Amino acid sequence: MYWEQERECMDRDELEQLQLERLESTLSRVQMNVPFYRKKFDELGIDTDTVRSVDDLRRLPFTTKDDLRNNYPYGLFAVPLREVVRIHASSGTTGMSTVVGYTQNDIRKWSNLVARVLTAGGVTRDDVVQIAFGYGLFTGGFGIHYGAERLGASVIPMSSGNTARQIKIMQDFRTTALICTPSYAMLIAETIFDMGISISSLSLKYGLFGAEPWSEKMRKEIEDKLRIRATDNYGLSEVMGPGVAFECLEQNGLHVNEDHFLAEIVHPDTLEPVPSGEEGELVITTLAKEAFPVIRFRTRDRTSFITEPCPCGRSFRKIARVRGRTDDMLIIKGVNVFPSQVEAVLFDIEGTEPHYQIIIDRKGALDHVAVLVEVSEQIFFDEMKKQHALVDLIRNRLSSELGIAVEVNLVEKKTLERAEGKAVRVIDRRKL
Amino acid sequence: MLKIRNLEAGYGSLTVLRRVTMHVSPGEIVTMIGANGAGKTTLLSTLSGLVRARAGEVLFSGRDISGLPPEQRVAAGCSLVPEGRQVFQTMTVRENLLLGASVLRKRGEGSKTGEELDNVYHLFPVLRERQHQLAGTLSGGEQQMLAIGRAQMARPKLIMMDEPSMGLAPLVVKQIFFIVRKLRDEGITILLVEQNARAALGIADRGYVLETGRIIVQGPSEELLANRDVQRAYLGRDLDAER
């Protein structure tokens, strides 16, 4: 099922022509309308008229989150504020928030792109869609909302939080599709279990989850617990919000909406393109945005291109599911550590729950890492020997995966704080 | 049908088209709008071979035509209806139309001339009525029809029109644009260059906005009609006055 087949399955030659047309006019517009880009191009002696192919884009400088912060709030808008009909701000996962705007045309295009995402994840106009993303400055709630309405589905704008009520609404309104962060989907699943509600009293069929990285194992758990097909989708407010890339029901990688976004993958240190299929940092250029175009925005998200064509028939290139962020990368004892590595290890160990927290301290001059892991209750009733064995197992696996020694503490189920938005996986207490 | 990449053109030391990338798919009406001096006419002159491109690619039905002389482009199926009509005033309507068919004869399809003449008369009954009149005695609207009819005589795949609405009364413009749509319904692809943005976007599927030799925005017509830059600059709406 496609939302816009003529686009999603577009001939690659035609797509490349469209991308070049849109790239060139986007460059003309930012050059004319955004002093930040004009100044930056001038300083580097770049004449945007000399960009003549999609590959020429590599000659242009990157745009970073800092650039957005330095131009807070409206400095990078390409249209006067009176043409802006919506303002969002980034969730501020990593510091001060950044502000983005949308014209009426932007909202229309955005809705359409989200409708593609929903359709690819199995949702149709006949579905009852419960949106448990936060509504507000965060793009998740409203972004999905407008797309689901565009699709013609029945939309329940729940926002996040009040999990018991979410579940009641889910039962009473016969929700068929759930949309939220994967960690919140896990929390909902657990709460359903705790409340003693039978999953067969629910009508859920599909779940579309995004806004944070999640593993295959976690997908499996969510699918089993909620009895749904779960797909991943990707977006970021600096670029638009949800609707940038999405999984189809093949569930192996995310199609980039390439008629609207140019994706590059570069090495985070050298900033050169990585060889095809290798992992690096995703860089995105918008091709059709009016109010807030971005040129070569460094997403800090780590992924790779998938080179095989997708059986679903879409011609849009796929990226692998995001493995983590280049800037949530922790440097512990000089070693690069990604929380997603910890998650991957824990999911492979019997008896652990998919909830964990990494706590980093500095004792004297040395970094110290403790990983708190929730385990199923029965382990605490077992003999000490078994608990020790489990701790040893986790510690050894983590140490060999991460390359550093870690302390492992088992905690009882549900002792770690549950997030209704993005999960808090890392507490860094080091004062550097 | 038509695919243009990074077209650059000008006259002497003057660069008019800096970088034009666009396309027209079969069966589409695509409009290129822009203010005076943006480069619209230069674009059509370059596409029809009257001005030589300095750089860039022009693919017509997959074939690079950028080096071809004008008559070979017409023979390939790419006809121009020039700005200001440019019909031969002292020749009859019929003679003007037959001039347009010279390509058919060269192609060895001369026998189709009569059939094509009938087609044109069918589309423009007024031209049949006036076929023996001198073209110079026709009204502006009729001369425009004659110019379009003449282009049609070559049985083109693509007709490029340069400001067909220029100097015509609103009602006549409506009539001309109605005919443009009819041509498309008959399978002819249209590239329409216009200053009358509202009328052009009213019939086109998609549009491009040309400003100082560059395309600054493109998209489906309804999207361009909703774009405030386009409204202010090309639709003559004073947004501040409307507030």
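A short reminder: the numbers here are calculations on the coordinates, not readings from a lab. The structure presented is a predicted model; accordingly, all values stated were derived computationally and were not measured. Please note: Cβ atoms are built from the backbone with ideal geometry, for glycine as well, and neighbour counts cover all protein chains shown.
Below are the figures for this structure:
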read-out	value
Dimensionless Rg over Rh [the protein assembly as shown; C-alpha; Kirkwood]	1.08
Distant alpha-carbon pairs in the stretch A:343-422 (separation over 14 angstrom), percent	63 percent
Least to most buried among A:S159, B:S45 (fewest other Cβ within 10 Å first)	A:S159, B:S45
Per-residue [θ]222 nm for the protein assembly as shown (sum of -39500 (n - 2.57) over DSSP H runs n ≥ 4, rounded to 500)	-10000 deg cm²/dmol
B:K112 paired with A:L81, simple spin-label distance in nm, labels 7 Å along Cα-to-beta-carbon	6.1 nm
Cα convex hull of the stretch A:247-306 - mean projected area over all directions, nm²	4.6 nm²
At R0 = 35 Å, FRET efficiency that the Cβ-Cβ distance of A:I359 and A:R69 yields, to 0.05	0.80
Efficiency of FRET from Cβ geometry, A:E149 and B:Y11, R₀ 60 Å, rounded to 0.05	0.70
Residue exposure sequence - A:L151, A:L118 - by fewest surrounding Cβ within 10 Å	A:L151, A:L118
Kirkwood hydrodynamic radius over Cα pairs of the stretch A:1-98, then Stokes diffusion coefficient at 37 °C and 0.692 mPa s, in µm²/s	206 µm²/s
Rel. contact order, % - alpha carbon contacts under 8 angstrom, at least six apart, the stretch A:330-428	34 percent
For the stretch A:122-176: rounded, prolate or oblate by the Cα gyration tensor [a/c cutoff 1.5]	oblate
All-pairs alpha carbon distance profile, the stretch A:91-245, 5 Å steps from 0, percent	2, 10, 20, 24, 20, 14, 7, 3, 1, 0
Additional length obtainable on full extension of the chain from A:R174 to A:M195, 0.36 nm per residue less Cα span	5.8 nm
Counted charge near B:S79, where neighbours are those whose Cβ lies closer than 10 Å (Asp, Glu -1; Lys, Arg +1)	+4
Computed lengthening from B:H132 to B:A55, 0.36 nm per intervening residue step minus Cα-Cα distance	23.3 nm
Residue pairs, from the table A:K333/A:K414; A:K65/A:K422; B:K3/B:K182; A:K386/A:K413; A:K205/A:K422; A:K65/A:K333, whose Cα atoms sit over 21 Å apart	A:K333/A:K414; B:K3/B:K182; A:K205/A:K422; A:K65/A:K333
Overall form of the stretch B:104-215 per C-alpha gyration tensor (a/c, 1.5; a/b vs b/c)	oblate
Relative contact order (percent, whole number), chain B, Cα cutoff 8 Å, 6+ residue spacing	27 percent
Of all DSSP beta bridges in the protein assembly as shown, antiparallel share, percent nearest 5	60 percent
Stokes-Einstein diffusion coefficient of the stretch A:1-327, Kirkwood radius over Cα pairs, 25 °C, 0.890 mPa s, in µm²/s	122 µm²/s
Two-site label geometry, B:T212 and A:T124: point separation in nm, points 7 Å out along Cα→Cβ	5.2 nm
Beta bridge orientation in the stretch A:1-327: antiparallel %, DSSP, nearest 5	65 percent
Efficiency of FRET between A:D13 and A:V424 - r from beta-carbon atoms, R0 51 angstrom, step 0.05	0.65
Overall dimensions of the stretch A:42-102 by Cα: Rg and Dmax, Å	14.5, 37
Whole-Å semi-axes of the ellipsoid equivalent to the stretch A:382-432 (Cα gyration tensor, √5λ, descending)	23, 19, 10
Label-point separation in nm, A:I349 to A:R38, each point 7 Å along Cα→Cβ	5.8 nm
Shape call, chain B: gyration tensor on alpha carbons, a/c limit 1.5	oblate
Cβ-based exposure ranking for B:R107, A:R219, in which fewest neighbours within 10 Å come first	B:R107, A:R219
Formal net charge of residues neighbouring B:E8 (Cβ-Cβ distance under 14 Å; K, R +1; D, E -1)	+3
For B:T92, distant residues with modelled amide H under 5 Å away	B:A135
Percent RCO, i.e. relative contact order, over the stretch A:290-359, from Cα pairs under 8 Å lying at least 6 residues apart	21 percent
Net lengthening on full extension, A:I404/A:R108 (0.36 nm per residue, minus Cα-Cα)	101.7 nm
